[in-house]
Amino acid sequence: MRKILIKNGRVIDPANKTDKLLDILIEGDKISSLKKSLPSTAEKVIDARGKIVVPGLIDMHVHLREPGREDEETIASGTKAAVMGGITSVCCMANTNPCIDNVSGVKFILLRAKNEGLVNVFPIGSVTRELLGRELSPMGEMSKAGIVAVSDDGSSIMNAKIMRRALEYAKTFNLPVIIHSEDLNLSQGGVINEGKMSAILGLTGIPREAENIMVARDIALAELTGAKIHIAHVSTKESVGLIKEAKKNGIKVTCETCPHYFTLTEKSVGKYNTNMKMKPPLRTQRDIKAIREGLADGTIDCIVSDHAPHLDIEKDVEFNLAAFGVVGLETLLPLIMVELVEKKVLSLFEAIKKVTLNPATILKLKKGRIKVGECADLTIIDSQKELKIDTGFFHSKCKNSPFIGIKLKGFAVTTIVKGRIAMENRILVSN
């Protein structure tokens, strides 16, 4: 049995409230020892002096595009990008083609991930069949097959009665419902936040109320049903306020946001930069402030990439015609390090918690912790590592990032998945 020893690293594990210098011994796919100054008897020794060792990062909102759009991404290419980003577990959304609304779809994802994936892949099933918002998917059967949540992400469930029934049904199987909050009657035809920039650029706007109204509705339905809801990609000040109040009232609501919503505003669209086009759209500085405050006070539980790859031919068109979405697996960690940790919005401990323990807890994953006997999913971070983000930086099939051209700091330098070194010194390892 192969042994790997990580020495001299600063181990941060929010699950066990650990933040100290420790060595970690891995035997096979498990952590076998966690102590100071372990003897260097392993076949492979990694010197993590001056670096941070954390539980393998979890991204609970990823679009891997397979099946149906393998030209944009595959489970193989998407998990390669995850490894480079220090992410050891991804949860893939159901809006593929065909969508994941049945047991065979779930089994396909799990089999393909087993054969070709480089990280742990947890499928999310759809709430409704074909994402049409009309007929509920067989959540119970999909739960037995291996889904960890349900979501029609990308498609908003406009019918409140259908959503109520979905919440009641999901509650039966203790599945969280991940919600894309968008009132389609308000957002229809919109491509950018409704406001000053939409007027200047002559583009149809998406009002913030399109998100706020649906967040309020689904919080009310969660209270009615007692079901667990998770609000995806929160982007407005009002949404943060609604979720904060709901949590105070004991409603079972959690939520997430993405790096672009705590770093970029509608002004970033500039001269029709389609890499700044996503749903929900980039908002205002006022919203960034509220989201950062929500992260700091615990209202916002998780940070995710909402990795949504699109080809150049889908982005290099008129703004109105361009696809919504951006890639983010490989920039998730450094954006957290630069924008939240360096700027003291979050402590390093709290930042790591939002991409390890919190998503694991919400989805009931046996991940996100460093403990003897547990699976060895680990990420080693060099907080001083600087890289410029350009198209050559990405291992995803697509390069549609809003952060191209900037320099970031604080990258994963080693990624270990199930006791196997998948990336070392920023180089993919095949073994």
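Tabulated data for the structure shown
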read-out	value
Rule-of-thumb Rg ratio for the stretch 1-77 [Cα; 2.2 N^0.38 Å; N residues]	1.47
Residue (of 423, 147, 122) at the positive-pole extreme of the chain, dipole from beta-carbon charges	423
Computed helical MRE - 222 nm, the chain, DSSP H runs ≥ 4 contributing -39500 (n - 2.57), nearest 500	-8000 deg cm²/dmol
Evaluated at q = 0.09, 0.10, 0.15, 0.17 Å⁻¹: base-10 log I(q)/I(0), Debye formula over Cα of the stretch 1-152	-0.39, -0.47, -0.82, -0.93
Within straight-line cross-link reach of residue 171, aspartates and glutamates at Cα separation under 18 Å, skipping those fewer than 8 residues along the same chain	101, 135, 141, 152, 218, 223
Residue-count net charge about residue 265 - beta-carbon cut-off 11 Å; Lys, Arg +1, Asp, Glu -1	+3
Residue among 409, 35, 279 with the largest mean-square fluctuation in a Gaussian network model of the chain, springs linking Cα atoms under 10 Å	35
Packing-based exposure ordering (other Cβ within 10 Å, fewest first) of 272, 169	272, 169
Simple Cβ-charge dipole of the stretch 56-363, Lys/Arg +1 and Asp/Glu -1, about Cα centre, in debye nearest 20	740
Restraint check, 364/399; 343/367; 248/367; 80/385; 20/114; 51/399, Cα-Cα greater than 23 Å	364/399; 343/367; 248/367; 20/114; 51/399
Amide H contacts of residue 92 (H built 1.01 Å from N, under 5 Å, at least 5 apart or other chain)	122, 124
Phi-based couplings in Hz for the stretch 263-279 (Karplus 6.51, -1.76, 1.60; Gly and Pro marked x)	10, 10, 10, 4, 5, 5, 4, x, 8, 6, 6, 6, 6, 9, 9, 8, 10
Long-range Cα-Cα pairs in the chain (distance over 35 Å), rounded percent	24
Extension gain (nm, one decimal) between residue 130 and residue 27, 0.36 nm per residue minus Cα-Cα	32.7 nm
Other-chain or far-sequence residues with amide H under 5 Å of residue 374's (modelled H)	31
DSSP H segments from the chain that extend 15 Å or more along their own axis, Cα-based, with Kyte-Doolittle mean of 0.0 or above	103-116, 209-225
Proximal aspartates and glutamates relative to residue 35, as straight alpha-carbon distance under 20 Å, when same-chain residues fewer than 8 apart are discounted	13, 19, 23, 27, 43, 47, 374, 377
Ranked 214, 60, 197, criterion: other C-beta atoms within 10 Å, fewest first	197, 214, 60
Top of 46, 231, 192 by mean-square fluctuation, Gaussian network on the chain, Cα under 10 Å	46
Cα-based convex hull volume of the stretch 89-188 per residue, rounded to whole Å³	95
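Read-outs: derived from the displayed coordinates by stated rules, not from any lab. What you are looking at is a predicted structure, and each value in this text was computed from that prediction instead of being measured. Cβ sites come from the backbone with ideal geometry, for glycine too, and all protein chains shown count toward neighbours.
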